[in-house]
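Structure, as structure tokens:
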Amino acid sequence: MKRLLPVHGKRFASFAAAAAVAAGTLAATAAPASAAVTLPPQAAGFDYQIGGAYTPPSGVQIVSRDVSAAPASGKYNICYLNAFQAQEGQDGDWPSDLLLRDSNGNKVVDPDWKETLLDLRTADKRTRVAAKVGSWIDTCASKGYQAIEPDNYDSYSRSKNLLTTTHAQEYIKLLAAHAHSKNLAIAQKNTPELAGNRVANGLDFAVTEECGEYEECADYAGPFDNRVVDVEYTASGMSKACPEWKSKISIVRRDLYVVPQGSSGYVRKTC
């Protein structure tokens, strides 16, 4: 779902991903999670740190951080990747033909985050994009993360009807296969309308933003068997999420820009 505020993925994270493109191609279909994949604990203490890493507060068992950061010692660590859009100002890191363009040749840009969408319309382009993102997945694995969080799964909703749910799902299957080959679990980020397809797409758990505020927690909890980590950004969202879901899924409230502890504007609250 496209939020009224641009909270579907906080890319104030630094996201200094590996530049090398992974060698070879990725599998065409998503492999099921292997025995070596570790899933996040259910209804565990969670902290969303993609805007900057800091020592996890007491009681936190799950931490999500940007790929540029080191994982938190002794925690279940989720590695954040901007997998469906180019970082603002970094279009040059991508081959020109992998940037989505409209019929006039103009780049299609996320209006909130000023990020150019990646072109996933053909199998060849999906494979090439997935190879580059696959090198970032390799970085997550080498750093010791247990899972990845590929953001902007819902970019098709901002694509001027150039991308479809089929394009998104065929692409995320490539990422899932590669993540599983590295013994990493893979999250579905938001996009409740596709949660029912999570097995076919090879997705293991969900990372959601404001499932309480938008009354979507059940849309994820059912398909993902309560393996859901949710970040809320308002007191209203917490008041909706906590009574029904605090004993079933992981919930935290953070400030909109997910700044590190000690920074101006920092907010972190639990149920």
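Based on DSSP, what percent of beta bridges with both residues in the chain are antiparallel, to the nearest 5? Don't skip to the answer; put the middle values down first.
Numbers: 7 of 34 bridges.
The antiparallel fraction comes to roughly 20 percent.
May I ask you to compute the full-extension gain from K107 to D124, defined as 0.36 nm times their residue separation minus their alpha-carbon distance, rounded to one decimal in nm? Mind showing how you got there, number by number?
Working: separation 17, 0.36 × 17 = 6.12 nm, distance 1.93 nm.
Length gained between K107 and D124: 4.2 nm.
For T55 and S263, calculate 0.36 nm times their separation in residues minus their Cα-Cα distance, and state this gained length in nm to one decimal.
On the way: separation 208, 0.36 × 208 = 74.88 nm, distance 1.33 nm.
Working it through step by step, the gained length comes to 73.6 nm.
Which percent, nearest 5, of DSSP beta bridges in the range 92-214 are antiparallel?
Of those bridges, close to 45 percent are antiparallel.
Could you sort 68-75, 148-155 so that the peptide with the highest average Cβ count within 10 Å comes first and the rest follow in order? Don't skip to the end; give the middle numbers.
Details: 68-75: 16.2, 148-155: 26.2.
Per-residue Cβ counts within 10 Å, averaged per peptide and sorted highest first, yield 148-155, 68-75.
For Cα extents along the principal axes in Å, one of (1) 58, 46, 44; (2) 59, 45, 30; (3) 47, 39, 34 was computed from the structure I shared and the rest are decoys. Which label?
Structure-derived value, by its label: (3).
Could you work out the pair-distance distribution P(r) of the range 228-271 from its alpha-carbon pairs, with 10 angstrom bin width and percents rounded to whole numbers?
Whole-percent P(r) values from 0 Å outward: 31, 51, 17, 1.
Distance check, please: which entries in K143/K189; K107/K132; K75/K143; K246/K269; K132/K173; K125/K189 exceed 18 angstrom between their Cα atoms? If you can, show how the numbers build up before the last one.
Numbers: K143/K189 21 Å; K107/K132 20 Å; K75/K143 13 Å; K246/K269 13 Å; K132/K173 15 Å; K125/K189 22 Å.
Distance filter (> 18 Å) returns K143/K189; K107/K132; K125/K189.
Once you list every other residue whose beta carbon is under 13 Å from the beta carbon of K107, what net charge do they have if Lys and Arg are +1 and Asp and Glu are -1?
On the way: positive: R101, K114, R158, K160; negative: E88, D91, D97, D102, D110, E115, D119.
With Lys, Arg at +1 and Asp, Glu at -1, the neighbours total -3.
Which parts of the range 242-271 would a label at E215 reach, counting a residue when its backbone N lies under 19 Å from a point 7 Å out along Cα-to-Cβ?
Once the point is set 7 Å along Cα→Cβ of E215, 242-246 turn out to lie under 19 Å by backbone N, inside the range 242-271.
Going by average Cβ neighbours within 10 Å, how do the peptides 177-184, 164-171 rank, with the highest at the top? Intermediate results must be reported in sequence, preceding the final value.
On the way: 177-184: 21.6, 164-171: 18.8.
Ranking the peptides 177-184, 164-171 by packing returns 177-184, 164-171.
Could you compute Rg(Cα) / (2.2 N^0.38 Å) for the range 103-248, with N its residue count? The partial results should precede the final answer.
Working: Rg = 16.0 Å, N = 146, 2.2 N^0.38 = 14.6 Å.
Normalised Cα radius of gyration, the range 103-248: 1.10.
At 222 nm, what helix-only mean residue ellipticity would the chain give, in deg cm²/dmol to the nearest 500, using -39500 (n - 2.57) for each DSSP H run of four or more?
Values: 5 runs with 58 residues, N = 271.
It comes out at -6500 deg cm²/dmol, rounded to the nearest 500.
Take the eigenvalues of the Cα gyration tensor for the range 176-257, scale each by 5, and report the square roots as semi-axes in whole Å, largest first.
On the way: eigenvalues 111, 34, 21 Å².
Each semi-axis is the square root of five times an eigenvalue, giving 24, 13, 10 Å.
Sequence gap at least 6, Cα distance under 8 Å: using those rules, report the relative contact order of the range 30-114 to the nearest whole percent. Intermediate results must be reported in sequence, preceding the final value.
Details: 83 pairs, mean separation 14.2, N = 85.
This gives 17 percent for the range 30-114.
Within the range 33-133, what percent of beta bridges assigned by DSSP are antiparallel, to the nearest 5? Walk me through the numbers on the way to the answer.
Working: 5 of 14 bridges.
Close to 35 percent.
On a C-alpha basis, how far is the centre of the range 167-201 from the centre of the range 51-94 in Å? Whole number, if you could?
Centre-to-centre (Cα) distance: 18 Å.
Name the shape class, rounded, prolate or oblate, that the alpha-carbon gyration tensor gives for the range 97-145, where a ≥ b ≥ c are the square roots of its eigenvalues, rounded holds for a/c under 1.5, and otherwise prolate holds if a/b is larger than b/c and oblate otherwise. Working shown, then result.
Details: a/c = 4.48, a/b = 1.75, b/c = 2.56.
The shape class here is oblate.
Each reported figure results from applying straightforward, stated rules to the coordinates on display, with no laboratory input. Treat the numbers as computed from the prediction; the structure is a model and nothing was measured. A quick note on method: Cβ atoms are made from the backbone with ideal geometry, for glycine too, and the neighbour counts reach across all protein chains shown.
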